[in-house]
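Beneath this line is the structure, given in structure tokens, with notes to follow.
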Amino acid sequence: MVNNQAGVADNAAEIVAGRSAADGSEARRGPAQGETHRQHGKEEEVVIEVRDLTNRFARQVVHHKLNLDVYRGEVLGVIGGSGAGKSVLLRSIVGLETPASGRVRVLGQDFSSLAPERRSALERRFGVLFQSGALFSSLTVVENIAVPLIENVGLDRPEAEHLAEVKLALAGLPASAGAKYPAALSGGMVKRAALARALALDPDILFLDEPTAGLDPISAAEFDQLILTLRDALGFTVFLVTHDLDTLYAICDRVAVLSDKRVLAADKLDVVQAINDPWVQAYFHGPRGRAARQASQASRQQTTETH
Ligand SMILES: Nc1ncnc2c1ncn2[C@@H]1O[C@H](COP(=O)(O)OP(=O)(O)OP(=O)(O)O)[C@@H](O)[C@H]1O
Ligand SMILES: [Mg+2]
């Protein structure tokens, strides 16, 4: 398993190192644009700023005056019970939900005040992997990845498909998967294909909604490692909704807990898991939480011994 993970990671790192500047991604990653915030003695640049966000569907209030900051380059894990509003929060940040009130600023810009063309330009700086995968079933994998390159960048089809093949490899899929339709892929391959599409436009922020749900533990661990490798190599920020405790221990820099319509805490894992809240305690200190913590400690010890 360790070898496999290293293989995927090396592969991704090699592709990143060899990436041509033809897609303009280096130039596009501009200078700092957000607010800064002092955290653990460090100046952090805020790339997502959510203030007093309220979302409701008919009479159901999902978020009430929710606040959250996400820092440039971090992997932020977002957790909370089923129905707590994690996916709605993600959709609010990427501009797919219009909040009842409050403000969301992404990369220093407020969606609600942007003209349509500036809004599309901002949207191009995100990659989103939705909870369902959301690939077009009538298109092959390569065509799925090529769509944003044709529609948003204006590449012609052969160019877009060529770049799509690079993204496919970056997401750890064999070239042979490119010609397949989503229905012919395994669950793990669907996640990787959706990741490749999310990476198509070289995002500044990658949004992942339950990327390892339904994967076997080995595939899930490989996927986690891939995200970490890509983040380290490409420098994007990751907003990661997950139920997966192993993922939290393996790759998250901070964890935000959604509870009671707001963010109960957003901090380092050791701080968050000590919070005196019934859901937090049950989540981290139940049998699955204990097993994940022990596995993470064992893997850290193994890493220390081998270095
Ligand atoms: N478009 C919608 N119309 C009406 N209600 C919605 C809509 N989208 C979400 N909801 C409701 O908002 C609440 C939060 O949903 P959300 O999908 O954000 O939960 P979640 O935390 O992502 O849960 P899970 O872990 O199961 O994915 C749920 O009660 C859901 O039914
Ligand atoms: Mg959800």
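For segment 68-84, what does the Karplus curve 6.51 cos²θ - 1.76 cosθ + 1.60, with θ = phi - 60°, yield as ³J(HN,Hα) per residue in whole Hz, taken in order and with x for Gly and Pro?
Karplus-based 3J(HN,Hα) across segment 68-84 equals 7, 10, 10, 9, 4, x, 8, 9, 9, x, 10, 10, x, x, 4, x, 5 Hz.
Would you kindly state how much longer the chain becomes between R59 and A298 on full extension, computed as 0.36 nm times their sequence separation minus their alpha carbon distance, in nm to one decimal?
Contour length minus Cα-Cα distance gives 81.3 nm.
Around V128, which amide H atoms from residues at least 5 apart in sequence, or from another chain, sit under 5 Å from its own amide H, with H modelled in the peptide plane?
Here the answer is F207, since their amide H atoms fall under 5 Å of that of V128.
Residues with amide H under 5 Å of S259's amide H, sequence separation 5 or more or different chain, H placed in the peptide plane at 1.01 Å from N; which?
L264
Please list the radius of gyration and Dmax for segment 95-243, considering alpha-carbon atoms only, with Å as the unit.
Cα-based Rg and Dmax for segment 95-243 come out at 15.5, 47 Å.
What is the calculated FRET efficiency for S138 to S101, with r their C-beta to C-beta distance and R₀ = 35 Å, to the nearest 0.05?
Rounded to the nearest 0.05, the efficiency is 0.35.
With an 8 Å cut-off on Cα pairs and a minimum separation of 6 or more residues, tell me the relative contact order of segment 196-307 in percent.
Across segment 196-307, relative contact order equals 20 percent.
Extent of segment 220-307 along each principal axis, from alpha carbon coordinates, in Å, largest to smallest?
Each principal axis gives a Cα extent; for segment 220-307 these are 40, 28, 20 Å.
Which value, to two decimals, describes the C-alpha radius of gyration of segment 120-168 once divided by 2.2 N^0.38 Å?
1.14
Skipping prolines and chain starts, which residues have an amide H placed within reach, meaning under 5 Å, of the one on Y71, given they are 5 or more residues away or on another chain?
Those lying under 5 Å, H to H, from Y71 are V47.
Rank by packing, highest mean first: peptides 46-52, 219-225, 267-273, 152-158, with packing defined as the count of other Cβ atoms within 10 Å averaged across residues.
219-225, 46-52, 267-273, 152-158
Can you put L206, L122 in order of Cβ neighbours within 10 angstrom, beginning with the fewest?
Ranking L206, L122 by Cβ neighbours within 10 Å, fewest first, gives L122, L206.
State, to one decimal in nm², a quarter of the convex hull surface area for the C-alpha atoms of segment 129-202, i.e. the direction-averaged projected area.
4.3 nm²
How high is the relative contact order of segment 129-202, given as a whole-number percent (alpha carbon pairs under 8 Å, six or more residues apart)?
Once divided by the residue count of segment 129-202, the mean separation gives 44 percent.
Roughly how far apart, in whole Å, are the Cα centres of segment 165-179 and segment 207-235?
Their Cα centres are 16 Å away from one another.
Bear in mind that the values in this text are calculations on the coordinates, not laboratory data. It should be emphasised that the depicted structure is a prediction, and the values quoted were computed from it without experimental measurement. In this analysis, Cβ positions are derived from the backbone assuming ideal geometry, glycine residues included, and neighbour counts consider all displayed protein chains.
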